[in-house]
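Each value in this text was obtained by applying a stated rule to the coordinates, not by laboratory testing. The model shown is predicted, which means the values in this text are computed figures rather than measured ones. Positions of Cβ are generated from backbone atoms using ideal geometry, with glycine treated the same way; all protein chains shown enter the neighbour counts.
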Amino acid sequence: MKIILSNSSDKPIYEQIVEQIRSQILYGELSEGTQLPSIRKLAQELRISVITTKRAYEELEREKLIETVAGKGSFVASQNKELMREKKLAEIENKLSEAIKDSKLLNMTLDDLIEILRFLYEEDKHE
Amino acid sequence: MNKTTWKIILKDFYITRKIWCLLIIPYLIHFILLEALITSSTGKSIFYPYLCSGLYILILIACAQYLDAKHDFLIHSLSIKRTEQIRAKYAFVIIMGLISFLLTGITGAILKKTGLSIMNFASLTDLMLIIAMLTATTALTIPISFLIKALWGLVANISILLTSIFVILVLPIDITVDSINPWLLLILQIKKLCNNPHNIYYFFIISFALFLISYLLTNKLYTNKDL
Amino acid sequence: MNNILEVQNINKSYKDFSLKNVSFELKEGYIMGFIGPNGAGKTTVIKLIMNLIKKDSGSIKVFGKDHIKNEKEIKDRIGFVYDDNCYYEEFKLYEIKRIIAPFYSKWNDDLFNKYIRQFELPLDKKLKKLSKGMKMKFSIAMALSHDPDLIIMDEPTAGLDPVFRAELLELLLELMQNENKSIFFSSHITSDLDKIADYITFIYDGEILFSRTKDEISESYGIVKGANELLNEEIKKSFIHCTQSPYGFEALTMDIPKIRQEFGDSVIIERPSLQDIMVHMHMARRQAGNE
């Protein structure tokens, strides 16, 4: 599991954790049944408050991405394939929205944006 | 006298253990010297050895008292109640008095066997005198140490010690005084009083009463004191 | 979730300083940082909890029990570290241990020796011969060697080199893996608390200004930086305090949404450090005092 936190980001720390774990679960880097570190262990390793890690895990549990078994720990939940696809789509939409927002700051048009998208898509196909 | 009070007393023994060792030597020398002096001049042995050993014990008591009064933050951050500390301090005095009495008696008995002394082993008046002296002193110095300032308590102990040594050692036992020096007269009066066993008895009663009053007062006031 | 420490409406007056209605709670399993400038009352509060001084009014409960009625059983479970060394200076370290250990029911010699080795302390040297940092390390070793459930520390890192400070924080975080332990940690070196504290209680001039989770604090306060031209009396009202330089202003606010709304992207809003909050609030109070 990989978690890199940024102090200068706008996003609160717990949100950064949620995002990174969510992304790793959705893209298969964290497979079903993998045990996550306890909230205390994680807090210790990341040098943050245990309340923050608790909050992150609670959020992930709410999204049904992980499940906590009392006395044992927290594990990556089995993901419904349909649900996963939907979540991945939601992520892609998020990322595209951000790109759109940024492009508007530079006063780009929709066509400019599509142009870039096409270029990058082609480039990626060749790799 | 609960377990914690005993723990405190044992701690005080441990803290002063180096002084125990250091004090035995001058005590023995003093005892033998004094014993020889007195016996040779009067032909009979009197209570001075007991009184002197009481003074040495006072040094020990003063040290234990000072160390604990100075480290009150530490003591009362541990599982030690204010009343337990005070009870331990007062009990320590009595226990030390008894130990001092026994040690002196044993030393005297040994010296008597070796012919260096004609001192009789302990009598009740000897015991009462040591206890009386220690209780009279500490009735005053414990409240000063714990209620006012540790250093002042130490100063009080040392002053009493020095005065007592002066009284016993410097002035010869039988002296006729022509001068009207009130200090000298006072000391002579004390010596006269101490020579009379009846007076020792009264001295003991009054001292012990003061000691108990001091204990009750200090206990009450120390419990509510801001350290 | 139990409250391991409950301080309610404590009042204590001295000639020129008083604690007024001090209240806060620490739940079991967390670290509370107790911050405030020098003289704000941090040490006084700790002395009150330990019953070294007597409160005028209010109540203090430790482990759910009254701190005076159950003084002994409570103190058996508390490890304390004071900022001034309180141990016998004239004695050697092993002697001090032999004096103190019998008073704790859970004293663990193996644990003590482990800390002594880890901190590299010379057991047969007199305490007064050690440097300030080593005296503090000794205090810490003593405090932790009886497996305390609550650790109370008054400025334990002041006077320690940064390397040992980091070591100490590591140690504390390791201890906190046991969720039945709690730490109450007063300090004016807020950077240490930024790293490990779960809750922060801020005391200023004898009063508690806030007692919240560190997350809440960093989310509800913001440091706003922008050009001086943007300031007006209206906006200044939503700042707790504002400092200006010829090049711009920096202000502390509790109303981030409003500032975002007003200024959008023309200002920078950063997450404040505890030090930022402490300094700005101190200056705000000073200003209020002068007016």
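What the table below lists for this structure:
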| quantity | calculated |
| --- | --- |
| Peptide-level mean, for C:115-128, of C-beta atoms on other protein chains within 10 Å | 0 |
| Integer Hz, Karplus 6.51/-1.76/1.60 couplings in order for region B:221-226, x for Gly and Pro | 6, 5, 4, 9, 7, 7 |
| Between region C:117-191 and region C:202-276, the Cα center-to-center distance that results, in Å | 34 Å |
| Among C:PRO148, C:THR43, C:PHE103 - extreme Cα towards positive end, dipole of chain C, charges at beta-carbon | C:PHE103 |
| Between 0 and 90°, nearest 10: helix A:13-26 axis offset from chain A longest Cα axis | 80 degrees |
| Partner chain coverage, peptide C:268-274 - average Cβ within 10 angstrom | 2 |
| Cα-based shape type of region A:13-76, given that a ≥ b ≥ c are square roots of the gyration tensor eigenvalues and the cut on a/c is 1.5 | oblate |
| Dipole of the protein assembly as shown [Lys/Arg +1, Asp/Glu -1 at C-beta], most positive-end residue of B:ILE165, C:LEU93, C:ILE189 | B:ILE165 |
| Under 5 Å, built H, 5+ apart or other chain: amide partners of C:LEU209 | C:PHE202, C:ILE203, C:TYR204 |
| Acute angle (nearest 10 degrees) that the helix C:109-119 long axis makes with the longest principal axis of chain C, alpha-carbon atoms | 50 degrees |
| Other-chain or far-sequence residues with amide H under 5 Å of C:ASP83's (modelled H) | C:ASP154 |
| C:LEU5 long-range amide H proximity, modeled H, under 5 Å | C:LEU26, C:PHE63 |
| Separation of alpha-carbon centers, region C:1-68 and region A:92-110, rounded to whole Å | 53 Å |
| Whichever lysines have a C-alpha closer than 21 Å to that of C:LYS55, once near sequence neighbours (fewer than 8 apart) are set aside | B:LYS81, B:LYS220, B:LYS225, C:LYS12, C:LYS15, C:LYS20, C:LYS42, C:LYS47, C:LYS65, C:LYS69, C:LYS72, C:LYS75 |
| Region A:81-126: C-alpha gyration tensor shape, a/c 1.5 cut-off, then a/b vs b/c | oblate |
| Helical mean residue ellipticity (222 nm; -39500 (n - 2.57) per DSSP H run of 4+; nearest 500) of the protein assembly as shown | -18000 deg cm²/dmol |
| Listed residue pairs exceeding 24 Å between alpha carbons, taken from C:LYS137/C:LYS195; A:LYS11/A:LYS54; A:LYS72/C:LYS181; A:LYS11/A:LYS125 | A:LYS11/A:LYS125 |
| ³J(HN,Hα), Karplus 6.51/-1.76/1.60, whole Hz, each residue of region A:88-104, x for Gly, Pro | 5, 4, 4, 5, 4, 4, 4, 5, 5, 4, 5, 4, 5, 4, 4, 5, 5 |
| Order of C:MET134, C:MET176 under a 10 Å beta carbon neighbour criterion, fewest first | C:MET134, C:MET176 |
| Lysines whose Cα lies under 26 Å from that of B:LYS18, excluding same-chain neighbours fewer than 8 positions away | B:LYS3, B:LYS7, B:LYS70, B:LYS89, B:LYS149, C:LYS92, C:LYS97, C:LYS125, C:LYS126, C:LYS128, C:LYS129, C:LYS135 |
| Under Karplus coefficients 6.51, -1.76 and 1.60, residue-wise ³J(HN,Hα) of region B:102-112 in Hz, glycine/proline x | 5, 4, 5, x, 5, 4, x, 4, 4, 4, 5 |
| Net length gained if the chain between C:LYS236 and C:GLN261 were fully extended (0.36 nm per residue, minus Cα distance) | 7.5 nm |
| Given charges at Cβ of Lys, Arg, Asp, Glu: chain C dipole, positive-most of C:MET278, C:ILE116, C:LEU230 | C:ILE116 |
| Relative exposure of C:SER13, C:SER211, judged by other C-beta atoms within 10 Å (fewest first) | C:SER13, C:SER211 |
